[in-house]
1. Take peptides 458-465, 59-66 and line them up by average Cβ neighbours within 10 Å, highest first, as a rough protection proxy.
2. Listed highest first by mean packing, meaning other Cβ atoms within 10 Å per residue, what order do 427-435, 40-48, 84-92, 198-206 come in?
3. Which trypsin sites (Lys or Arg not before Pro) in the range 1-58 sit in a loop by DSSP (not H, G, I, E or B) and have at most 14 other Cβ atoms within 10 Å of their own Cβ?
4. Which loop trypsin sites (Lys or Arg not before Pro) in the range 253-285, with loop taken from DSSP, have no more than 16 other Cβ atoms within 10 angstrom of their Cβ?
5. What are the ³J(HN,Hα) couplings of the range 15-22, residue after residue, when phi is run through the Karplus curve with 6.51, -1.76, 1.60 and θ = phi - 60°? Round to Hz, x for glycine and proline.
6. Take the residue pairs K342/K436; K39/K101; K11/K105; K154/K436 and return only those whose Cα atoms are more than 19 Å apart.
7. To the nearest whole percent, what portion of all C-alpha pairs in the range 238-282 is separated by more than 17 angstrom?
8. To the nearest Å, what is the center-to-center distance of the range 132-159 and the range 430-461, using C-alpha atoms only?
Amino acid sequence: MFTYFIAGVPKCQDFGHAKLVAEKLRLSLPSFSYKIIVKTEEEYQDWMNKFCLEQKWKINKNPLVWKRVPNSNGSCHLIGGINEFFDHLIEYYNVDTRLNKRIKKQIALDNEERMRFMLTEQKPVHRALARRVCITGAAYPSTCYLVSELLQLKQLQTEGGGGINISLHHKDSNNYGDLIRIKNEICDAEFNVRGCSVVTVVNSIEEGLLNCDLFIVIGSMKRQSLLSFYFDLRREENEDQYIWTNRNFTAMKSLASILNRHCPERCKVLLMGMDLLCFNLSVLAENAEKVYLYNFVGVTGHHGMVTLPTISQATSIPISDLHCPPVWGFDGSAAAQYVDFKHVIYHCGRSATDLDKPDNYDCEDAATVVHNYSADRNKHKYLQSVLLQSESLLMGDNGEHNVVNTSIESSANVVCHLCSLPEIRVAVRMISEWFKNDSRTTISAAVFSDGTFGLPFGMFISQPVCMENGEWKPNFDFPSPDETIINSILSKVTEIAFDYNLGKRFNITYPRREMGIELYDE
């Protein structure tokens, strides 16, 4: 395969004629390749003499045509002027190169007008590749809200304007219509300037993982056949706890197998909408050995977020002055989450320079984060002193700490979807901070426990986390909850880890962090 080179002066009619014929051949013959070399009338003769001397050619024509094997340092093969070039094309391509003189003159005039442009070296523009997100278990309409938020998330955009592409997947073919509705709604959205190409529907997890940067798993998958490894991860009515846990265990092992084969090294994995969230994360991390450990994260902060109205009502503190309470525990199974009311951060004593700023000026979304209490002690306090007046929030009739149940159930699908919005809001905030890589905020999330706070090592547990080198890790500067809560988590997690042989992958000597507790009493 050769590349043809046509050198000449744009105002020359023969040069324009040869260029036009080459353009037509390129359109009709995909394998035809040519390049144009443009010179001014003053410099063409000197350039041609020098070039022909180097090639040991004796020729003086405008245009000058030769060919060479592309991507090669081999010699150039002289063809000649326009007549020799057209004879060559007739012989090899059987093309008609005849052209009316009036048209040739017009082409020459057009080329002369475009002289400045033709002399400018045209470098290809390399656009950044779009960030790729895959959502499996997508349900309508809550996932539509998630997709629209992600597409508008600046931190998720790639540098260079590559944008975001989102793939939707659901194992249940009956939900295919829901995925199409999500796609259609995004296509018609005012913020979407890229059209329907930003959202695609894929038929398999493997397809969605191709070049994927963020893989979101929502717990709404159903089994359609014996060959389907995904099924509904929610507990069925009157279903035994052991059978339910086993179903989740099998589903996560199957998903781990796919991740081992198809998950890109850079891909981050986010789990949400699961009753056995921490258990499922632990099973995934145990079996998906090809995925980086701190690329697994689970959304739990919404449990604290939905309690803010209750806290506000009991303490008479506006929600805008409250930060999301920490959420502790092995979220799901018999080991439920604990919402740590005592360590809710609230704003107080603001300086005169801060009066013109909103209540949550130091945090993009105070409702979804656990603020860094040590950042400025003069402006933030613990809520524990206020809660002494509202002990009913913390203690039951038997004097023991209550496990706060934040789940809301309804037979109405619309209400159920609305209940998922706090979780989506927290998930979007987490993703934003995750890809920004320089966050200093603290968020409650399910992450790998490295022994911080005295929690069990090697399992995924909900706790206050912060960004460390682009990874969500336990924030050992945050005060731990009451010892009774830690002891309860320890006993329940130890039993589950033993029953399902979890934590073996991490059963090696790691330097475990000591508890970094710095209590601040008011």
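1. 458-465, 59-66
2. On the way: 427-435: 22.4, 40-48: 13.4, 84-92: 15.4, 198-206: 17.7.
With the highest mean Cβ count within 10 Å placed first, the list reads 427-435, 198-206, 84-92, 40-48.
3. Working: sites: K11, K19, K24, R26, K35, K39, K50, K56, K58; in loops: K11, K39, K56, K58.
Filter output for the range 1-58: K56, K58.
4. Values: sites: K253, R261, R266, K268; in loops: R266.
Sparse-neighbourhood loop trypsin sites (Lys or Arg not before Pro): R266.
5. Computed from phi, the couplings for the range 15-22 are 4, x, 5, 4, 5, 5, 4, 5 Hz.
6. Details: K342/K436 30 Å; K39/K101 23 Å; K11/K105 9 Å; K154/K436 9 Å.
Going by Cα-Cα distance, K342/K436; K39/K101 fall outside the 19 Å limit.
7. On the way: 389 of 990 pairs.
Of all Cα-Cα pairs in the range 238-282, 39 percent lie more than 17 Å apart.
8. First find each Cα centre; the distance between them is then 22 Å.
Any read-out appearing in this document is the output of simple, stated calculations on the displayed coordinates, not a laboratory observation. Computed from a predicted structure; not experimentally measured. Positions of Cβ are backbone-derived with ideal geometry, glycine not excepted, and every protein chain shown enters the neighbour counts.
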